[in-house]
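Before any comments, here is the structure.
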Amino acid sequence: MRQERRVVVTGLGLATPLGLDLEASWQKALAGVSGIKKLSLPLSAKSPVQAVGSVSADDWEEIKKYCKADRIKEGERRTLFALWSAKEAINDAGLMPDAAQKVNRDRFGAIIGTGVSINQLEDIHRWVGKNKAFDLKQFGMESERVHSDSIMRYNTNRPAALIAETFVLSGYNASITTACASSAHSIGTGYRLIKRGDADMMLVGGADAMINPVGLVFFVLLRAAATSADTPEEVSRPFDRKRSGLVMAEGAGMAILEEERHALKRGASIYAEVAGYGSSMDAYKATAPHPKGIGAQQSMQAALVDSGLDPDEIDYINAHGTSTKLNDTAETAAIKKVFGDHAYRLSVSSSKSIIGHLLAASGAAEFVLTTLSVNRDEIHPTINLKHADPKCDLDYVPNVKKQTTVRAALSNSFGFGGQNATVIIKKYKEDAQ
Amino acid sequence: MQDKVVITGVGLVSALGNDLDTTWKNLLNGQSGISRIDEFDVEGFHCQHGAFVRGLDPDELGVRGKGGRIMDRHAYMLLKSTRDAFRYSSIDLEVTPPERVGYFAAMGMVDYHVDDLLEAVINATDDDGKLNYEKFFSGTYQDIHPLWPLSMLNNIHFCQVAIDLGIKGESIVFCPHSPAAVDAVMEAYHTVLGNKADLALAGGVSENISPMSLTRASLVNLLNNGSSGCHPFETPATGTILGEGAGVLALERLSSAKQRDLPALAWIKGYGASFGRDGEDCSPSEKAISLSINDALTRSGLGPGEIDLIIAHGDGTFDGDRNELKAITGVFEHCIDDLHVYTSKSALGHSLSGASAMDMVLGTCMLKHSIIPAIGHRYEADKRIAKNLVREKPVSREIKNILINSQSYEGQCASIILGKVE
């Protein structure tokens, strides 16, 4: 009888407001150190959004130093975040092209989640004439002069392409855009590819960078952003009664998923096992999640069925937890519906309270942190949780980390439009099925 | 024995018609959907031709209210073709629970309409003509419609279609070039094969042809600036022409189709996907394309000699055609005499994320009718493949297996094999 293929995590990489080093970032997350700071983008003193999770200037310089001139020319900010965290994950897994034992790179692929591409207004402003009309003819004649960060210069599959080219990943290569669920869908799809035998190793994750003129008003227009003038570190407060919206952040998260026997054969260190994945659509409204979290329930249930785990085997949920009024109550309702009484026994926390909302990269960064929770039996807190919301009455690990056995954990990601994805990670045991 | 995954419904919107029958008829009649662009002032642009989808009226499609504010032409194409596939496959959500119907699509880059942002930009411009972001942040950003951001998320357009049809199963949006539609069909295939859904709709839609999409393609020298056509495998290559369109397939297990008493239009036999490029080429390398084709052959259990027809990517670009031609002539070296090669781009333009999905839909027609449309003959094709191309008039022949190729402009490629269900 053919043995079922199992999928394990053998490498992790991050580039987030907490830094570029995995271990240091994890320790900061456990300590509840916020990565949210006051906005420092030039000419943005009057931006309605002032609290953001930026990759620090020093870290950005380090990324550019690593990426070198040719990649900087070819890749915009999100692509460089992706390249850095891919390098970290591949290195962590011992799969660098020149360092790895001989592995078949035709069986090594990449799936990267990316987000919105428009980021500035210069491409309109440059061709507005004195008559206050856009000069389309002139634009056409001079189109090679579009801005260096223009949407017209970068395809959404550029991060996946440059990663594959840099690290010689010749297998399956795809890009996913499902808003804030993009990278969770990437992880789930990579997991399935390996499980069904279409690949042995997959680099999966996501990258996003919307701290730019368009991005700063994007979620304000949608009335989803926190515009609070409070201390920046305290603005992202998922599940708190006084939460006021999402806090935008930037960066990337990457993981190496690998077929178990392939990993064992080459002596790789295994963080955890990917046990299940599910996705769903709300088919409700483009502008809001279903108030009872029907789609979220369905996504979690599908992942549980896929994993073969009972709901009470889940010890931790890394929530989507955006700090918006609608998401946090709907997600809480969905967790209660799926887990029943066990919902009150398991731990729930939101990484977004610490690192902000990495948008298309959020599911990947949170997958990395959730994997570490399963590996280390530690759960980072939900910080800034000070005012109880009667509709959010679970154990959100408020403000202080928790040390507890994490047999299995579930990570939720829900995208605008109603696309939901859930990934389940469990402790790896060599002989377990 | 493992079940097969078959196609039981199709929907197509193209520059040659807003439904499959019209497009197919026009293709067989040798018509081209490529014309001079008149949707916007194209005078300043190097390439002035495209294959536009025309006449998709949102009112007729029943798109109103917020949906109309969010959705754009590419969303209407996806909506129409998904509805057509849904109906073709007689999907009834009273019978099949909406949670058991999956949806997977490829979508392209989402470009903005200048008019949506122009007022905010003008009002943020100082008297000296400089763009003042402080003004923008202080309030002129509010001149942008509050729903505009949603229109910039391509999955929102996809979700609007899911809302319209009421489908709630597994879903993903891949992007932004032709292989993404093969990725979408692959995931739909495994979703139904693995019993995570009873049915799945899968395909792709192009981005809108716009000043931005023309510029994006022009910046990497993809377009044919010199003439009005897209001439696949021309020697020398002259470039591609952008097209619009969407193709959607309804997939289910063969056992399910039999239970529902539905004829299977085609059987999805195999697929392959890979990455690789040479130097600064943006198209995938010969090696990558060969790997993708060989993987598809291996998965299908077919030898090269069992492929009757290749619907090539054949976009008319220098790198793209050169590498694909080398891959085809390499993999099929010993059986090339019996092989026909077709490409839809001469008639429909290159619909990027919609292209391979449209080719899959057209492939089901070729299997059904045993006929291959002609791609036209008013140019000189590379002699290594000229005899295989269907040039002057449609060719009637028995077709059992079709290989469909797709390539991105970043180095990704994917192939899929459709077979006739006996």
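The values are calculated or read from the model by the stated rules, or taken from the named source; none is laboratory data. Remember, it's a predicted structure, so these values are computed and weren't measured experimentally. Heads up, the Cβs are rebuilt from the backbone with ideal geometry, glycines too, and the neighbour counts pull from every protein chain shown.
Remarks
Results for (1) surrounded by fewer than 21 Cβ atoms within 10 Å (Cβ to Cβ); (2) within 14 Å of chain B (Cβ to nearest Cβ); (3) in contact with a Gly (Cβ under 8 Å, 6 or more places away or on another chain); (4) more than 24 Å from residue A:250 (Cα to Cα), shown as yes or no for each residue.
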{"site": "A:303", "(1), (2), (3), (4)": "no, yes, yes, yes"}
{"site": "A:312", "(1), (2), (3), (4)": "yes, no, no, yes"}
{"site": "A:318", "(1), (2), (3), (4)": "no, no, no, no"}
{"site": "A:326", "(1), (2), (3), (4)": "yes, no, no, no"}
{"site": "A:333", "(1), (2), (3), (4)": "yes, no, yes, yes"}
{"site": "A:350", "(1), (2), (3), (4)": "no, no, yes, no"}
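- Across segment A:146-171, the number of residues qualifying as of a type outside the set (A, V, I, L, M), at the interface with chain B (Cβ under 7 Å from one of its Cβ atoms) and within 19 Å of residue B:108 (Cα to Cα) comes to 5.
- Some residue of segment A:273-280 being farther than 15 Å from residue A:409 by Cβ, under 19 Å from the mean Cα position of the chain (by Cα) and either away from chain B (no Cβ under 14 Å) or buried (at least 23 other Cβ atoms within 10 Å of the Cβ) (or both): yes
- For segment B:175-285, the helices (runs of 4 or more DSSP H) that sit wholly inside it and include 2 or more residues that are within 14 Å of another protein chain (Cβ to nearest Cβ) are B:179-193, B:211-219.
- Residues of segment A:342-381 that turn out to be under 28 Å from residue A:77 (Cβ atoms) and either β-branched (Val, Ile, Thr) or in a helix (DSSP H, G or I) (or both), as a count: 18
- In segment B:43-54, the residues that are within 14 Å of another protein chain (Cβ to nearest Cβ) and within 14 Å of residue B:213 (Cα to Cα) form Cβ pairs under 7 Å with partners that are hydrophobic (A, V, I, L, M, F, W, C) and not in a loop (DSSP other than H, G, I, E, B), at six or more places apart or across chains, as follows: B:45/B:214; B:46/B:223; B:47/B:214; B:47/B:223; B:50/B:242.
- Answer from A:164, A:133, A:181 - the residue that is under 27 Å from residue B:149 (Cβ atoms), among the aliphatic types (A, V, I, L, M) and in contact with a strand residue (DSSP E or B) (Cβ under 9 Å, 6 or more places away or on another chain): A:181
- Residue in segment B:144-160 that is among the small types (Gly, Ala, Ser), at the interface with chain A (Cβ under 7 Å from one of its Cβ atoms) and either in contact (Cβ under 8 Å) with a residue 24 or more places away in the chain or over 30 Å from residue B:248 (Cα atoms) (or both) present: no
- Tally, over segment A:91-140, of residues that are assigned to a loop (DSSP other than H, G, I, E, B), in contact with a Gly (Cβ under 9 Å, 6 or more places away or on another chain), more than 7 Å from chain B (Cβ to nearest Cβ) and of a type in the set (Val, Ile, Thr): 1
- Condition met for residue A:143 (facing chain B (nearest Cβ under 7 Å), closer than 30 Å to residue A:419 by Cα and crowded, with 20+ Cβ neighbours inside 10 Å): no
To keep it simple, each residue is scored yes or no on (1) under 26 Å from residue A:256 (Cβ atoms); (2) within 14 Å of another protein chain (Cβ to nearest Cβ); (3) out of contact with any helix residue (DSSP H, G or I) (no Cβ under 6 Å at 6 or more places or on another chain); (4) among the basic types (Lys, Arg).
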position: A:33; (1), (2), (3), (4): no, no, yes, no
position: A:36; (1), (2), (3), (4): no, no, no, no
position: A:43; (1), (2), (3), (4): no, yes, no, no
position: A:47; (1), (2), (3), (4): no, yes, no, no
position: A:55; (1), (2), (3), (4): yes, no, yes, no
position: A:59; (1), (2), (3), (4): yes, no, yes, no
position: A:68; (1), (2), (3), (4): yes, no, yes, yes
position: A:76; (1), (2), (3), (4): yes, yes, yes, no
position: A:86; (1), (2), (3), (4): yes, yes, no, no
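- Flag for residue B:172 being outside any loop (DSSP other than H, G, I, E, B), in contact with a Leu (Cβ under 7 Å, 6 or more places away or on another chain), facing another protein chain (nearest Cβ under 8 Å) and touching a residue at least 24 places away in the same chain (Cβ under 8 Å): no
- Checked against the criterion of being touching a helix residue (DSSP H, G or I) at 6+ places or on another chain (Cβ under 7 Å) and more than 10 Å from chain A (Cβ to nearest Cβ), the candidates B:120, B:124, B:105, B:85 yield just one match: B:105.
- Looking only at segment B:57-113, and only at residues there that are in contact with a Lys or Arg (Cβ under 8 Å, 6 or more places away or on another chain) and of a type in the set (A, V, I, L, M), the one that is surrounded by the most Cβ atoms within 10 Å (Cβ to Cβ): B:101
- For segment B:37-80, the tally of residues that are assigned to a helix (DSSP H, G or I) and of a type in the set (Val, Ile, Thr) stands at 1.
- Positions within segment A:164-183 being in contact (Cβ under 8 Å) with a residue 60 or more places away in the chain, in contact with a Phe, Trp or Tyr (Cβ under 7 Å, 6 or more places away or on another chain) and assigned to a helix (DSSP H, G or I), in sequence order: A:179, A:180, A:181
- Taking the conditions (1) at pLDDT 95 or above; (2) among the polar types (S, T, N, Q); (3) surrounded by fewer than 24 Cβ atoms within 10 Å (Cβ to Cβ) in turn, residue A:433 satisfies each one other than (1).
- When we screen B:32, B:81, B:14 for residues that are among the small types (Gly, Ala, Ser) and more than 27 Å from residue B:150 (Cα to Cα), the only hit is B:32.
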